[in-house]
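Inspection log for the structure reproduced underneath, given as structure tokens.
The values are calculated or read from the model by the stated rules, or taken from the named source; none is laboratory data. Quick caveat: nothing in here was measured; it's all calculated off a predicted structure. Positions of Cβ are backbone-derived with ideal geometry, glycine not excepted, and every protein chain shown enters the neighbour counts. We work out accessible area using only protein heavy atoms, side chains counted, and drop any ligands, DNA or RNA first. Shrake-Rupley method; radii C 1.70, N 1.55, O 1.52, S 1.80 Å.
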Amino acid sequence: MMEKNKELVSAFVREFWNEGNLYCLERYLSADYIDHAYVPGNREGLAQMAGILRAAFPDQASAVESMVAQDDRVVVRLRLTGTHEGNFRGTEATFNPVDVKLYREYRIADGKIAEHWALLDTASLLRQIGAELNEQPACRIK
């Protein structure tokens, strides 16, 4: 089962994230899919974020550096590379190359992805495109 889950996640990363196929979601995601990384927390939020990333980094690719499966979970460490060719979070295209780490966790149910969590090294990405890093209120210690 764990090998099948890893194969599912590998295929999803390749087809959805690397090839940009937004039409494959029905094949990979459960009907009640929940996304804990994007807003809204469903297929729509996932597709919107993929569109934002694809517009800003059209040549983006996520290379799997490691993948661990246990029970119904798959955790994957990715290396996202690409070129900043479009607006990202208010920063116009710089044509700078980007190279950042990204972690994704998937819960698999009945052969489909039921839940997703993600952690992107956003600070590193923003530095690489020359964006200003602003302190976020949630990170402030009083």
Cβ-defined net charge surrounding L102, 9 Å radius [Lys, Arg +1; Asp, Glu -1]:
+3
Given (i) 2, 8, 11, 13, 13, 15, 14, 11, 6, 3, 2, 1, 0, 0; (ii) 2, 10, 18, 22, 20, 13, 9, 5, 1, 0; (iii) 2, 12, 21, 23, 18, 11, 7, 3, 2, 1, 0, 0, 0, the label whose value is P(r) over Cα pairs in 5 Å bins from 0, in percent derived from this model
(ii)
On average, how much accessible surface per residue is there in the chain, in Å², for a 1.4 Å probe, leaving out ligands, DNA and RNA?
57
Pairs of alpha-carbon atoms within less than 8 angstrom and 6+ residues apart define the contacts here; what relative contact order does segment 38-142 have, in percent?
18
On C-alpha positions alone, give me the angle between the axis of helix 43-56 and the longest principal axis of the chain, in degrees, nearest 10.
40
So, with +1 on the Cβ of K and R and -1 on the Cβ of D and E, and no other charges, what is the size of the charge dipole of the chain about its Cα centre, to the nearest 20 debye?
280
Run the quick spin-label model on T91 and I52: label points 7 Å from Cα toward the beta carbon, then report their separation in nm to one decimal.
1.5
Simple SL model, points at 7 angstrom along Cα→Cβ for L119 and R73; separation in nm is 1.1
Number of Lys pairs (Cα under 28 Å; 8 or more positions apart or on different chains) in the chain
5
Taking only C-alpha pairs under 8 Å that are 6+ residues apart, what is the relative contact order of segment 1-85 in percent?
30
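Taking all protein chains as present, what is the carbon and sulfur share of the accessible area of segment 33-130, in % to the nearest whole number, probe 1.4 Å?
In segment 33-130, the share of accessible area belonging to carbon and sulfur is 52 percent.
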